[in-house]
Amino acid sequence: MQIILKIFPRIVLIKLSILLQPLLSLVFKGSKFTDPINGKKYSRFLSYGYNKIRPNALSPGTLSLERHRLLWLYLTSDHNLENQFLNVLHVAPEQVFYKKFKNFKNWTYTTTDLNSPLADVKANLCNLPFKNETYDLILCNHVLEHIIDDIKAMREIYRVLKKGGKAILQVPLDAEKEKSYEDHTIINPKDRNKHFGQYDHVRIYGMDFFNRLSNIGFKCEKIDLTSKLSDRDIIKYGLVKGELIPVAWK
């Protein structure tokens, strides 16, 4: 999997994933692991990672990663967001969620990205073409770590979010770091891979990520959904124990 990630660009991988999903589901059919997004069971999840390889990270059926399954469990838990009437903006939409969210009858669902074939609106997150206070819910997952001026992007998210609205802003978060690590002089993809864990990342967020959001005006929550799950369920769903879901309110 690591070799495939290095060879093929993201857009090609999205197209390949659609073709490979049925075959992978059949090959890895079993009962040890469960993907909550499609409810199917598998003998194992696949290893995944650019630098550090994570075992049991990639679901053969939906090609979801740990963060996707965690988010799905959050959205379909007590919050029951999928059944609320919401105007939703999904930044850099993930293939694993796209059809699911499109089929939520109560959502007015819009996707945006500069390059993704799944984007309804081609736009830069630092300069969104939407009016102030348009959206009830904004999903922006593993995007901000790619953006040099993440503060400007956060301000845009805050601007287009309605008062009382919610933004779910997952990022690679190192809970052991108090301060985020970034160095904008590092521009070579190999160097970024070495310093930030992926060739197109520009920082590693520490816990001051929540301070950045608060300084914009957000009220922040650190949701640890895994604290409410048994160790058995954490393994079954292929989650990372203690992974936080950053939720920001306006």
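The values are calculated or read from the model by the stated rules, or taken from the named source; none is laboratory data. Please read all numbers here as calculations on a predicted model, not as lab measurements. Cβ placement follows ideal geometry from the backbone for every residue including glycine, while neighbour counts extend to all protein chains displayed.
Here are the numbers for the structure shown:
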read-out	value
Failed item, numbered, when Ile53 is tested on (1) free of Cβ contacts under 8 Å to residues at least 60 places away in the same chain; (2) of a type in the set (A, V, I, L, M); (3) outside the structural domain of Glu156 (by TED's automatic domain parsing); (4) surrounded by 14 or more Cβ atoms within 10 Å (Cβ to Cβ)	(4)
Residue selected from the stretch 219-239 under the condition under 19 Å from the mean Cα position of the chain (by Cα) and not aliphatic (A, V, I, L, M), by the criterion nearest to Tyr48 (Cα to Cα)	Gly238
Candidates Phe33, Phe28, filtered to the one that is at pLDDT 90 or above, among the hydrophobic types (A, V, I, L, M, F, W, C) and over 30 Å from Lys131 (Cα atoms)	Phe33
Leading residue by the ranking (farthest from Asn141 (Cα to Cα)) among those in the stretch 157-190 that are part of a loop (DSSP other than H, G, I, E, B) and in contact (Cβ under 8 Å) with a residue 40 or more places away in the chain	Ala175
Filter result (charged (D, E, K, R), farther than 25 Å from Leu81 by Cα and assigned to a helix (DSSP H, G or I)) within the stretch 202-250	Arg212, Asp231, Arg232
Residues (among the aliphatic types (A, V, I, L, M) and either under 30 Å from Lys162 (Cβ atoms) or within 21 Å of the chain's Cα centre (by Cα) (or both)) located in the stretch 182-218	Val202, Ile204, Met207, Leu213, Ile216
Lone unmet requirement of (1) loosely packed, with under 13 Cβ neighbours inside 10 Å; (2) touching a residue at least 24 places away in the same chain (Cβ under 8 Å); (3) of a type outside the set (Val, Ile, Thr); (4) not in a loop (DSSP other than H, G, I, E, B) for Leu137	(1)
